[in-house]
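First the structure, in the form of structure tokens, and then the observations on it.
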Amino acid sequence: MKKFLRLPTQEDRWKQASDEELLQAYRQTGNRELAAELFNRYVHLVYGVCRQYLKDREDCRDAVMAVFEQTVIQARNTEIQHFNKWLYSTAKNKCISNIREGQRNSRHQEEWENFEKNDSKFMENEGFLRLYHKRTNEPDTNQILKEAISELEESQRTCIHLFFFEKKSYKDIASTTGYSVKQVKSYLQNGKRRLGVMLGQKFHKSQ
Amino acid sequence: MNSIFQKRSCLTQREVMQYLNDELSDEQRYDVENHLLDCELCSAAVEGYAQSQNFRTAEEDIQEVVARVNASVKGPARRRLAWINRAAAVALVLVVSYAVFLYWSASQPARLFAAYFEPAPNTYITYRSADSNPNPIPEELKQALGYYNTEAFDLSLPHFKNYLADHPDDPQALLLAANAYLQAGQAEQAVQCLLRIEARGETLQSEVPWYLALAYLQQKQLPRARQYLENVMATPSSPFREKAGEILEKIK
């Protein structure tokens with residue numbers, strides 16, 4: 001009876017909904033609980049992103065809350081295609097903004113240096129692969145993929161081969177090749193992105 | 001080859017911790033690292049956790065943030081809504097319960113009638129040969145009884161009606177007609193037949209109050225039904241006393 005009186009179970013239905021469904025429902029209704037449900041799915045990741053830039057835990061918690069408040073506003077008014085990508089950009093920008101403000105106050109000099117040091121890596125991360133999931137089932141895909149891999153730079157080719165074909169971890173690849181883990185990740189990200197672009201061109205030509 | 005471009009959802013908090021603690025199987029680790037190549041959010045988050053090194057404080061912080069997020073969206077308006085929902089639920093339960101009670105109460109006499117009604121047996125004496133019958137049965141009554149005996153009560157009714165037009169004081173025909181009316185769900189006509197027998201006050205003194213009680217039950221007139229059931233109980237020789245007592249107990 002108690003369960004029945006709690007009258008429900010909207011929360012249960014929300015938990016089963018996709019990100020897109022929650023976003024759409026939030027845009028239509030403005031119910032902030034929908035935004036919270038969606039945001040809480042990623043809160044640990046937003047916290048991790050903020051933690052990368054902000055050393056102070058309290059600053060970090062405040063930044064995550066600020067990202068949530070921004071989510072509440074932006075998700076209502078704009079159409080967000082990929083919520084996780086949007087969250088990453090928003091969290092990163094919020095941290096940068098905080099650090100800049102802190103830098104002006106000369107309080108967060110160290111965090112700023114940390115950001116400057118890491119930022120180049122993230123610039124490399126932008127624009128990931130998004131194509132060809134369907135086409136990878138076509139018979140000539142393997143051949144085209146091999147050709148594309150052979151055209152990669154050696155560092156990227158080596159890392160791609162060890163990761164995707166020998167299923168080695170970042171750490172194992174680093175110890176095998178002598179690259180640092182960060183370099184391995186960077187080669188893999190760039191190599192994978194280039195592969196996507198090359199495959200797109202090759203498929204286009206083959207049609 | 002498909003595994004290069006396969007998609008998966010973002011990492012859970014548990015997966016992040018397991019990955020950083022080297023607690024994943026090779027297959028799981030490959031899935032995670034392949035996802036990290038494509039997902040800026042997860043990639044940056046893993047970097048962040050790896051830098052902080054203190055997962056316990058991170059978990060505490062996340063719990064606190066989740067609590068703040070949830071508290072910020074559950075304002076008074078929601079509480080009012082929840083209160084209204086609860087009140088509506090209680091009202092609904094009460095209304096449904098009352099409706100069920102009313103239905104149960106209203107249907108009780110009909111259920112009792114169905115449980116206790118058995119058509120009176122035909123007690124006319126019929127002869128195999130018409131020649132040997134000193135008082136031959138009129139054709140209408142014969143047809144009425146023919147249908148009555150085969151439980152075709154609705155077909156018997158017109159013939160009883162015709163017969164009773166010429167023989168209005170035949171108590172046996174009135175009783176059987178009343179039973180046919182009861183069986184057909186026409187309690188009012190049944191009552192009229194039975195009251196005509198009762199007015200004579202001579203015969204069928206056990207049957208008449210019993211079937212009148214059943215007719216009033218079918219009409220959902222409980223006080224009158226109770227009155228005739230008590231008459232049955234007051235007649236020591238009535239074969240219906242036991243049943244009348246049971247009904248009286250149920251409609252007390």
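Bear in mind these aren't lab numbers, they're just calculated from the coordinates by the rules spelled out. What you see is a predicted model, and the numbers here were worked out from it, not measured in a lab. No Cβ is skipped: glycine too gets one built from the backbone with ideal geometry, and neighbour counts run over all protein chains shown.
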Whether region B:143-197 is rounded, prolate or oblate, judged on the alpha carbon gyration tensor where a/c under 1.5 counts as rounded: oblate
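Starting from the Cα-Cα distance between B:Ser105 and B:Met233, subtract it from 0.36 nm times their residue separation and give me the gain in nm to one decimal.
Working: separation 128, 0.36 × 128 = 46.08 nm, distance 2.41 nm.
Working it through step by step, the gained length comes to 43.7 nm.
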Report the label-to-label distance for B:Glu23 and B:Arg200 in nanometres (one decimal), using points 7 Å from each Cα along the Cα→Cβ vector. 9.6 nm
C-alpha long axis of helix B:153-166 to longest principal axis of chain B, angle in °: 30 degrees
Can you tell me the orientation of helix B:76-116 relative to chain B, as the angle in degrees between its alpha-carbon axis and the longest Cα principal axis, to the nearest 10? 20 degrees
Taking Cα atoms, how many degrees apart are the long axis of helix B:26-38 and the longest axis of chain B, rounded to 10 and kept between 0 and 90? 80 degrees
